[in-house]
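Below you'll find the structure, written out as structure tokens, and then a few comments.
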Amino acid sequence: MFKTFITSFKLKNTYRVNSIIYSLKGLPVINKILPNSLYKNKFLKIFGNIISILFEIIGTFLWKGLYVWLVLGSMTFAYKTNPVNTFLHLFVFATLIGGILNTYMLNPTKDKYYAIVLMNMDANTFAVTNYFYSMLKLIIGLIPFTIIFGLMLNVPLLICISMPFFVAMIKIIVIGIFSISDFKKNRVVKNENLPTKKVWILLASLLLLGFGLPYLGVVINQIIYIVLFLISIVFVIIALKEIITFKDYKKMYKLLLTNENVYAVQNANSTKMIKENIAKKIEYNGDITSNKTGFAYFHELFVKRHSKLLTKAIKKQTIIIIGIFIILFIVIFLNPTLKEELNSLPLIYLPYFVFIMYMLNRGTTITQAMFMNCDHSMLTYRIYRTPDVILGIFKERLKTLILLNLVPALAIAIGLVLLLYFTGGTSNYLNYFIIFISIIAMSIFFSVHYLVMYYLLQPYNINTEIKSSTYTVVQWITYFVAYYLIGKKIPTLYFGILMIAFCIIYSLISLFIAYKYAPKTFKIRQ
Amino acid sequence: MKLIIEGLKKNFEKKEVLKDINFEFEKGKIYGLLGRNGAGKTTLFNCLNEDLPVDAGKFFLKDKELRKIESDDIGYVLSTPNVPEFLTGREFLKFFIEINKNRIKNEKTIDEYFDFMKIDKDDRDKLLKDYSHGMKNKMQMLVNIIANPSILLFDEPLTSLDIVVQEEMKQMLKSIKKNHIIIFSTHIIELALDLCDEIVILNKGVLEKIDKNDLNNTKFKDKIIEALKEE
């Protein structure tokens, strides 16, 4: 039994270490230094093992600490009821919810899949030993925090110590009494990550009782908790017997560890799935044609066949922006005292709009669709990679991207100018012009930026996986710069002029670089 | 016309995938490029198509004089057909013909090209995303052939096609070979023997021609397998 557990632990650790090394290979600069034979490199293995141990410790303590602190400790003070009783009340209901949603045994994780399905390990021993290891980890991880936060709230020490055991007992009861019996009777295993409707209703009810009742002043007390604890001891003995004597874990896991269950999260986020979803968005009817020729013909058909994908979000954005401005104008009309406050929005909060324009820009989504539905296939044809074709299509795309993003930008630019006017205006009329042009410039800047980055760093390989860490880093930098400008108060006149100048210079330089280098860089990554 | 490769080398870190390739491919012949899995057939094609940078060596075309290989000179057909799924077959061809206008000799109508490739009338105006694997493969071959490149590289293009389409494609390749240098990679030895004029094997990073001499197909096949097995 111990041997099986050690083997499964080693297996889990090996792929965890390999995943860490694989992630290192994805980092810029570092990936150039690391050799391809990195998986047998002793130093990297040691490094991976250290990180893996840290993960295990973090997994044992950190999340549980955060859980006790945020979900139980801090929430306790949101109610007017007795803190000790509230803490216990929240704890009991959160434990019941966790018992259903976080069973450990019914979570279709990769380590179980590898060990039971691929490596054909003894499923019974694997299931029982790993389950008790996870329960032990749970108790060890929780106990310091239930003691610390419990004592801070004046919960008696014995109760604080008992709490992690209560959590483990509830989980064991759910598995031993409900899940295993359900499998024995109906040959059904429920993936804990995909609760059924009935389970959702049960969870919602528990949530309501747990976090709603204290608002009404109703909470359990220490006596009720102790009674629940003692009842659990009786049931946990029955449950433990079930778990230990059950000998059909192999069959149970065969039902649970399907490819769909194990790779559910990975599949949903995989580029393959994204590609399939984007391919579904191609619209076709005989009326969609083009009278143009060459690159313009090719690009126009792309735009028309992806019209919803390209314009749906932009239409929504524009309607929401217009709606917000209409509401603001009505508010000003109804309450003229707000005029002064709102007047400062276009005059000193222009930097905030860099982030708004960043959020609104559809560059990432559109370039992704361009790759998935067009360039992924076309870049395999060498004629498509000739400078004439690349730059011809680049020009068409740039026009489209700028025009599409200009729609919500215009709504904001006009809205801000009108807002400034209706809230009392400004003594310097140049502000109207600067606000309008700087919003337009920001929109054009982001459109140029995303398209140029796509052409210079084309990040995808033939399997539509992102293989350029530089591309990811540039995306993050763009986000952080835009985010940094939030809340900065700079007079519009200065910031606007600076922004317009920056956008023009950046756009010109980046377009020059794209024209020079895109024919070399715009290709499928190997 | 000849495709001449001299001293071509490609390493992936310490692994020498292409050691020292020296070879001449002639126009009018179909070359069957055989090699075991991972031998470097696709790497060789990727190097010739400049998808991968080479570590050493050069390759050029020799017609009346030696010249560098340009983009127009190579058509590369991959084993997995990649076509723009938002276009219909007809639109894809129209676009390709327009951007290759200057290079196409004796331009035909789009339907004549479809007829040549044996693509049904009903399928010509369907979106390419609704094409079967075989039809996508035919389209991929067609657009590579239309532009009339001097060199055609085929990377296991017939492996996953049904036998009828395979036969159609074989006949098509035979019909165009006189104007092209065709290199056809496969690991199906029977297909190579049936279709190709010359057999070249890529083994341990080296490209080597296997002479048939007076051997019958069975003995020639054994000779190829022996050569591929050599350590």
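The values are calculated or read from the model by the stated rules, or taken from the named source; none is laboratory data. Just so we're clear, the structure is a prediction, and the values are computed from it rather than from any experiment. Glycine also receives a Cβ, built like all others from the backbone with ideal geometry; neighbour counts cover every protein chain displayed.
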| What's the number of the condition B:G89 fails, among (1) surrounded by fewer than 19 Cβ atoms within 10 Å (Cβ to Cβ); (2) under 30 Å from A:Y297 (Cβ atoms); (3) small (G, A, S); (4) more than 21 Å from the chain's Cα centre (by Cα)? | (1)
| message | I'm trying to understand the selection: among the residues of the stretch B:36-62, which are in a loop (DSSP other than H, G, I, E, B) and at positive phi? | response | B:G38, B:G40, B:E50
| Can you name the condition, by its number, that A:S290 falls short on among (1) of a type in the set (S, T, N, Q); (2) free of Cβ contacts under 8 Å to residues at least 12 places away in the same chain; (3) surrounded by 13 or more Cβ atoms within 10 Å (Cβ to Cβ); (4) within 14 Å of another protein chain (Cβ to nearest Cβ)? | (2)
| If we only count helices (runs of 4 or more DSSP H) wholly inside the stretch A:327-397, which ones have 3 or more residues that are out of contact with any Ser or Thr (no Cβ under 9 Å at 6 or more places or on another chain)? | A:352-360, A:363-370
| said: So, in the stretch B:118-141, exactly how many residues are assigned to a helix (DSSP H, G or I) and either within 25 Å of B:E156 (Cα to Cα) or touching a Pro at 6+ places or on another chain (Cβ under 9 Å) (or both)? | reply: 13
| message | Just to be sure I understand the filter: pairs with C-beta atoms under 8 Å, separated by 6 or more residues or on different chains, first member in the stretch B:32-59 and more than 11 Å from chain A (Cβ to nearest Cβ) and surrounded by fewer than 19 Cβ atoms within 10 Å (Cβ to Cβ), second member of a type in the set (A, V, I, L, M, F, W, C) and assigned to a helix (DSSP H, G or I). Which pairs pass? | response | B:R36/B:L228
| Subset tally (residues that are outside any helix (DSSP H, G or I), in contact with a Ser or Thr (Cβ under 8 Å, 6 or more places away or on another chain) and not β-branched (V, I, T)) for the stretch A:458-486 | 5
| note | Those residues of the stretch B:120-147 which are more than 12 Å from every other protein chain (Cβ to nearest Cβ), under 21 Å from B:I104 (Cβ atoms) and crowded, with 22+ Cβ neighbours inside 10 Å amount to B:K138
| request: Among the candidates A:E283, A:E276, A:E300, single out the residue that is in a helix (DSSP H, G or I), acidic (D, E), within 13 Å of chain B (Cβ to nearest Cβ) and within 22 Å of A:R397 (Cα to Cα). | output: A:E300
| Can you spot a residue in the stretch B:63-79 that is of a type in the set (S, T, N, Q), part of a helix (DSSP H, G or I), closer than 24 Å to A:T521 by Cα and more than 9 Å from chain A (Cβ to nearest Cβ)? | no
| field | A:K292 over 13 Å from B:E91 (Cα atoms) and either charged (D, E, K, R) or at pLDDT below 90 (or both) | value | no
| said: part of a loop (DSSP other than H, G, I, E, B) and within 13 Å of chain A (Cβ to nearest Cβ): is that true of B:N106 in this structure? | reply: no
| within 30 Å of A:Y494 (Cα to Cα), away from chain B (no Cβ under 13 Å) and touching a residue at least 40 places away in the same chain (Cβ under 8 Å) - does that describe any residue in the stretch A:244-262? | no
| said: For the condition farther than 30 Å from B:A192 by Cα, within 12 Å of chain A (Cβ to nearest Cβ) and of a type outside the set (K, R), what is the one hit in B:I151, B:I99? | reply: B:I99
